[in-house]
Amino acid sequence: MSTIAVVPGSFDPVTLGHLDVIVRAAGLFDELHVLVVHNPGKTALIPVEQRVEFIEHAVADAEVDQAKPLDNVVVTSWSEGLLVDYCTRVGASVLVKGIRSQVDVAYETPMAIMNRSLAGVETVFLLPDPAHALVSSSLVRQVAGLGGDVDPYVPREVADYLRQRRQSPHDRTSDQAPHASAANTESR
Ligand code: PNS
């Protein structure tokens, strides 16, 4: 029987740490769905469709760069209810999450227990490649919003997008650095 796994997240934006987890998880399961999910506790910076596109492109690039077949990876989004509803719909039995620290363990444990309780979906945790152990989307947004270089932490297309957004007058308020409000809305 084939096992379908889901890597869910806000991916606002996708980081090289996410990508590392995605590529490694793709090697562990028959089918891997990367799912951009709205997190009710967060205010997003990047539109969902754009986030999906960034992940699709990053996976395609990783396939070429690492010469690894990633044709079992599907990238999509979900906004119609619980994460486990998506799992039930596509027949996924496993969720995959990256764990960088004790903070992540504390954040992920209740969700893992709830998802198993709701629908019997198990959560598998992958430890990060040390190169990406300290990278988070929220830090990337903060650094980019304040004019820092995020090239080492995200796919090039994402870094370019964040740079452009910072330069766009539409993204600025009169007394605030661009992105600053979005960067401060979440802890991870
Ligand atoms: O990247 P994030 O923001 O840490 O991802 C969190 C996410 C989106 C996976 C989480 O918020 C989630 O599972 N949202 C779906 C809502 C849901 O199913 N909640 C109940 C079970 S915990």
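Assorted remarks:
- Of the residues making up the range 98-111, those that are touching a Leu at 6+ places or on another chain (Cβ under 9 Å) and either modelled with pLDDT under 95 or more than 8 Å from the ligand (Cβ to nearest atom) (or both) number 4.
- Contact map, the range 24-35: residues that are aromatic (Phe, Trp, Tyr) paired with residues that are part of a loop (DSSP other than H, G, I, E, B), Cβ distance under 6 Å, separation 6+ or inter-chain. Pairs shown: PHE29/THR3.
- Matching residues, the range 68-97, being more than 9 Å from the ligand (Cβ to nearest atom) and part of a strand (DSSP E or B): VAL73, VAL74, VAL75, THR76, SER77, VAL94, VAL96
- Unique match (being over 22 Å from PRO40 (Cα atoms), away from the ligand (no atom under 16 Å from the Cβ), touching a strand residue (DSSP E or B) at 6+ places or on another chain (Cβ under 8 Å) and at pLDDT 95 or above) among GLU56, GLU157: GLU56
- Yes/no for ASP71 being crowded, with 16+ Cβ neighbours inside 10 Å and out of contact with any His (no Cβ under 8 Å at 6 or more places or on another chain): no
- The range 1-27, subset part of a loop (DSSP other than H, G, I, E, B) and under 24 Å from TYR153 (Cβ atoms), residue nearest to the chain's Cα centre (by Cα): PHE11
Residue-by-condition table, conditions (1) open to solvent by less than 60 Å² (accessible area, probe 1.4 Å); (2) assigned to a strand (DSSP E or B):
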| site | (1), (2) |
| --- | --- |
| ARG100 | no, no |
| ALA106 | no, no |
| THR109 | yes, no |
| ILE113 | no, no |
| ARG116 | no, no |
| VAL124 | yes, yes |
| PRO128 | yes, no |
| ALA131 | no, no |
| LEU134 | no, no |
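- Hey, ARG163 more than 21 Å from GLU53 (Cα to Cα), open to solvent by 30 Å² or more (accessible area, probe 1.4 Å), more than 10 Å from the ligand (Cβ to nearest atom) and outside any loop (DSSP other than H, G, I, E, B) or not: no
The values are calculated or read from the model by the stated rules, or taken from the named source; none is laboratory data. Not measured: the values here are computed from a predicted model. Glycine gets a Cβ as well: all are built from the backbone with ideal geometry, and neighbour counts include every protein chain shown. The area values use the complete protein model at the heavy-atom level, side chains included, leaving out ligands, DNA and RNA. Shrake-Rupley method; radii C 1.70, N 1.55, O 1.52, S 1.80 Å.
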